[in-house]
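Here the structure comes first, spelled out in structure tokens, and everything after it is commentary.
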């Protein structure tokens, strides 16, 4: 390069856009103006065709005949893809096999909506019309959608697993009081606003350029290469942003990327495959429904002595990520409570449903919810407010009550003081008294109140995933391009990592452009999941920045004879002794002196280990903590309800961006509340998902947000571990705060027994469920 | 040929498929991809655009000028834009300057993944153009048809509140005279019909077209019909769009009758309906979303013959009649006699609903309506109750009790009614009448509700009606006490 671009007229001043600042989402302006490009918005090559998938119409059976002649003859159809056409792997199971990409004659259908074949046509509508024209004859076999039945029949996708400490059975038997209970929680559809979509363009070297709305580009790359039977280096996956992911685009984006790639390979042109909303509902996995049985022993104050718990997750037809998901449910069966003796067993039950998958919390919420249901029942049994019983059972540094049932020591006891703070700021006890008075005088409407905590373990429990890479280029005008392995799905990851890099160089955020996540920029990445995005990619980016900074400092030493301590980056400038250079000037100087201005960074989480054979270790680097108080009003005549007020306190360590963190907390809380209230998945006798669209599956709408909604980040609580600027993960933990809403509904129902009895309320607590719980409570009292 | 105003110019579309939606046209033909498809069924609002049209002071009593409506572009026929202005998210920003509504969303951190954001921005824009000041309930009403899965809505509510702090003036205010002139010209121009897509301008024309083509499909708002296009992938050979027949959108009071044109969209008739029947306010606010009510019509809601439509129970309870027309012939029928079986009506080929005529209430008469659904906003009823009462000295002189969601058609509950007529309006008698509902209805169980809940909760709705009508002190209605 001979002609260097003119230097930006940047006036020295305070670089404000750094860590801890309440910056806007990096794409906020693009979002509001409609300019933000999602996969379906990318201009496609002129020859691009559109894909659609033909799906099974039974839940269980064998395909006797698959006649696609009408599909092939349908107007606009250019290519049809069957199992036999696939040149490489035919199974795309992400961890264990079991996910056939397509099915052919003789193939075994395992859920209603399973992909049989794919078709490419000139238009989206033509492709979708053709996909409905297959003539399929099945030999039906009996299907099962019931978790309990599957468990009885020992229909499992993976072996059961137990974590235990002490002799739980003996501890329960020796307890003054005992309780046996069951609890069910339903699944949850991700309902990302942008459905699954992939655009695949064949490259000149028989490779594939894949634009995919995915949380896991590297896995998409691997699977596309495998189904095409080509090396990974021929496949590039790119994703600039997703219109929501929530776990639903971790493994479940793969199938559509693979099918689009195969159709593109077969048709020899670009293919876009976008699922219609109903196909998306039917064909992609959801949060696991759970059925839990527990026996708990406790004393007259509600202090737990021992627990035996069987957590059975409904996995659908294949393993997918269910091993780790049910493990995480087990890891969170303690929530914030010390279990002196425990046997926690997790079962991975096979059902004839779509394979259930990651969803914000990854099994943790289900384990935690079962335990909170148990605590509610203990509290009613001993006649105490559930808050009191919760507080009594918290982990504490005293009396050795500080290790989990899987042997990890709780090193920072944040929950007790956080809860105490929230009890004060929310005026829990004042409102408790007021609500009891209200309920005495109000025969139809009843108010309910509950505080629930959430302690959530941070790290992938699959150890090798706890690594990340980043790539930083500084160009000769001083502008910085940043890339890392994390994907942007709305959570503000790109913004936070850019803040980290701006902070490292002490430059304005505008100087940094975060580019689309691509497997050819940063390879072998982990999914953006497990709340790990900022922790992992922030550290990797910081590493890259520090590498370049060191080169620049060394250069200043050689060039100016300065000591390393004399070189500092400050306010968009580089100071070398008394000399001041604008950042761009200094970068130009470094370039002219042949200093490399590009570096990769890398990070692996330290200190974590876990032995699954002994079910013990330190699987989590640290815990994110929070608590919520929810108040609801129910109509005992109809079961309808409203959330009146919510108070939240969440421990995010030293926040990288409080505005973004608050957004994650509010959004997670409402999403968790939705899971436990109006979001109900219903399958028919025939195994068909009946709630298969936004018309029939109801996620929270704007009126479901409480009018009084107070969120606080726990102040002065830096992460003790050496995380990125001592922040804490925030993606998943707040979802579990939604449990407070479910508990408050139960509390309102319990008022009908003058709080002597626990409400019989499973999840989701739809108005109908609340109505039934009220009715049975009234019948008994 | 469809002609509408886009970006201050008249935009002409030739040769579009009659079933083409506004969304597909924007995204596929114009590559205006700011407007998103979230569900293609009018349930998520990601596709929201704004349509500005000439006010019709002579028929709808509005001030002259432009009226702004947020609509779901995914289920709106392209042809319905004829003579209107289409405003999409791309039209709001000017150069580098965001529209104030957009700026508020940025300032309040109102977007996360951003996919729902253009739809929210457009709903907010329309709300800013139509509402006078920030009111939380009104904001929730205006944005109830827009789903966001990321934010939990709080920052969006804050943004919608903050937007009222700025000026109402924007580029659309400045170009209003120009837009009005363009639209006025379009209404004078002789319409050039798209083949397979008729747009009659008068009821007589409509009657003539249908007489000649009795198999043609009528489309008014299209909020249900177009699901057949986007979800069932169906093609229609011949659509007759009645949304521009001015006579079919009028509302007038004739003596003690409120007389409503069948093609009047719900948002246009809310005021006169609620003025006469206050209990309909909540029901109408929970009927679909604002985008749906801006397009969906009362006649379409009736003719669609869904057992879970929200207005028919109320209209049956009120004793509403309908004027049906076929060619030159008209006949008046009671709405309760309109439905014959699941999704079946007495409409003959070529016949259409012209007007709905609702008797007004006398002092001793009252109407109570209740809807139960999983979600408060934009959800379909599990059960929907409407109770008409005429009380004379505490005695039930007459009652009509109608339910939706309880049978294959919306219909009355004769056993329950008979149990009440002639008795004192007291809790014991209402409980007896509620018990009689088990004779009137044998509802089904489906994903919305079990038969048990439908029946039991419906019984309690009668009790709620009694409590609400007789008890001033006890809190009965959740939304009034939350």
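The values are calculated or read from the model by the stated rules, or taken from the named source; none is laboratory data. Since the model is a prediction, treat every value here as computed from it, not as a measurement. FYI the Cβ positions are ideal-geometry reconstructions off the backbone, even for glycines, and counts take in every protein chain you see.
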Tally time: how many residues in the range B:255-276 are touching a residue at least 24 places away in the same chain (Cβ under 8 Å), over 17 Å from the mean Cα position of the chain (by Cα) and over 26 Å from residue B:209 (Cα atoms)?
4
Hey, residue A:703 hits all of (1) more than 9 Å from every other protein chain (Cβ to nearest Cβ); (2) over 30 Å from residue A:653 (Cβ atoms); (3) not in a loop (DSSP other than H, G, I, E, B) but one; which does it fall short on?
(1)
Does residue B:289 satisfy being surrounded by fewer than 24 Cβ atoms within 10 Å (Cβ to Cβ) and at pLDDT 95 or above?
no
Kindly indicate whether any position in the range A:659-666 is facing chain B (nearest Cβ under 9 Å) and free of Cβ contacts under 8 Å to residues at least 60 places away in the same chain.
yes
Filter result for the condition that a residue is in a loop (DSSP other than H, G, I, E, B), over 24 Å from residue A:25 (Cα atoms) and either at the interface with chain A (Cβ under 9 Å from one of its Cβ atoms) or touching a helix residue (DSSP H, G or I) at 6+ places or on another chain (Cβ under 8 Å) (or both), over B:52, B:41, B:46, B:70
B:41
Among the residues of the range A:466-492, which ones are in a strand (DSSP E or B) and touching a residue at least 40 places away in the same chain (Cβ under 8 Å)?
A:467, A:468, A:469, A:470, A:471, A:472, A:473, A:474, A:482, A:484
Verdict on residue A:539 being within 23 Å of residue A:456 (Cα to Cα), in the same structural domain as residue A:592 (by TED's automatic domain parsing) and either part of a loop (DSSP other than H, G, I, E, B) or modelled with pLDDT under 95 (or both)
no
Look at the range A:91-115 and say how many of its residues are closer than 15 Å to residue A:320 by Cα and crowded, with 17+ Cβ neighbours inside 10 Å.
10
Here are some residues: A:57, A:16, A:29. Which one is more than 14 Å from chain B (Cβ to nearest Cβ), surrounded by fewer than 23 Cβ atoms within 10 Å (Cβ to Cβ) and at pLDDT 95 or above?
A:57
For the structure I just gave you, tell me whether residue A:617 is farther than 22 Å from residue B:376 by Cβ, within 23 Å of the chain's Cα centre (by Cα) and more than 13 Å from every other protein chain (Cβ to nearest Cβ).
no
So, of the residues in the range A:32-54 that are in a helix (DSSP H, G or I) and touching a residue at least 40 places away in the same chain (Cβ under 8 Å), which turns out to be surrounded by the most Cβ atoms within 10 Å (Cβ to Cβ)?
A:39
Within the bounds of the range A:189-205, is there any residue that is in contact with a strand residue (DSSP E or B) (Cβ under 6 Å, 6 or more places away or on another chain) and within 14 Å of chain B (Cβ to nearest Cβ)?
yes
Single residue of B:397, B:402, B:413, B:433 found to be more than 13 Å from chain A (Cβ to nearest Cβ), modelled with pLDDT of 95 or more, touching a strand residue (DSSP E or B) at 6+ places or on another chain (Cβ under 7 Å) and over 30 Å from residue A:680 (Cβ atoms):
B:397
Only one residue in A:601, A:674 is under 30 Å from the mean Cα position of the chain (by Cα) and either facing another protein chain (nearest Cβ under 9 Å) or within 22 Å of residue A:454 (Cβ to Cβ) (or both). Which one?
A:674
Can you name the residue in the range B:436-452 that is farther than 17 Å from residue B:372 by Cα and surrounded by fewer than 14 Cβ atoms within 10 Å (Cβ to Cβ) and is also farthest from the other protein chains (Cβ to nearest Cβ) among such residues?
B:439
Applying the selection to the range B:1-22, what residues are within 13 Å of chain A (Cβ to nearest Cβ) and surrounded by fewer than 24 Cβ atoms within 10 Å (Cβ to Cβ)?
B:17, B:20
Condition check: within 18 Å of the chain's Cα centre (by Cα), at pLDDT 95 or above and farther than 25 Å from residue A:606 by Cβ. Does residue A:490 satisfy that?
yes
From the residues in the range A:751-764 that are over 27 Å from residue B:448 (Cβ atoms) and touching a helix residue (DSSP H, G or I) at 6+ places or on another chain (Cβ under 8 Å), which one is surrounded by the fewest Cβ atoms within 10 Å (Cβ to Cβ)?
A:756
Requiring at least 1 residues that are surrounded by fewer than 23 Cβ atoms within 10 Å (Cβ to Cβ) and at the interface with chain A (Cβ under 7 Å from one of its Cβ atoms), the helices (runs of 4 or more DSSP H) wholly within the range B:80-146 are B:100-107, B:136-143
Look at the range B:25-34 and say how many of its residues are touching a residue at least 40 places away in the same chain (Cβ under 8 Å) and either surrounded by fewer than 16 Cβ atoms within 10 Å (Cβ to Cβ) or within 10 Å of chain A (Cβ to nearest Cβ) (or both).
2
Any residue that is within 14 Å of chain A (Cβ to nearest Cβ), free of Cβ contacts under 8 Å to residues at least 40 places away in the same chain and assigned to a helix (DSSP H, G or I) - is there at least one of those in the range B:183-197?
no
Picked from the range B:202-248 (must be loosely packed, with under 15 Cβ neighbours inside 10 Å and within 14 Å of chain A (Cβ to nearest Cβ)), the residue farthest from residue B:380 (Cα to Cα) is B:235
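Yes/no matrix, rows are residues, columns are (1) crowded, with 22+ Cβ neighbours inside 10 Å; (2) over 24 Å from residue A:451 (Cα atoms); (3) more than 11 Å from every other protein chain (Cβ to nearest Cβ):
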{"residue": "A:630", "(1), (2), (3)": "yes, no, yes"}
{"residue": "A:650", "(1), (2), (3)": "yes, no, yes"}
{"residue": "A:668", "(1), (2), (3)": "yes, no, no"}
{"residue": "A:681", "(1), (2), (3)": "no, yes, no"}
{"residue": "A:687", "(1), (2), (3)": "yes, yes, yes"}
{"residue": "A:716", "(1), (2), (3)": "no, no, yes"}
Scan of the range B:156-174 for residues that are within 9 Å of another protein chain (Cβ to nearest Cβ) and surrounded by fewer than 24 Cβ atoms within 10 Å (Cβ to Cβ), ordered by number:
B:157
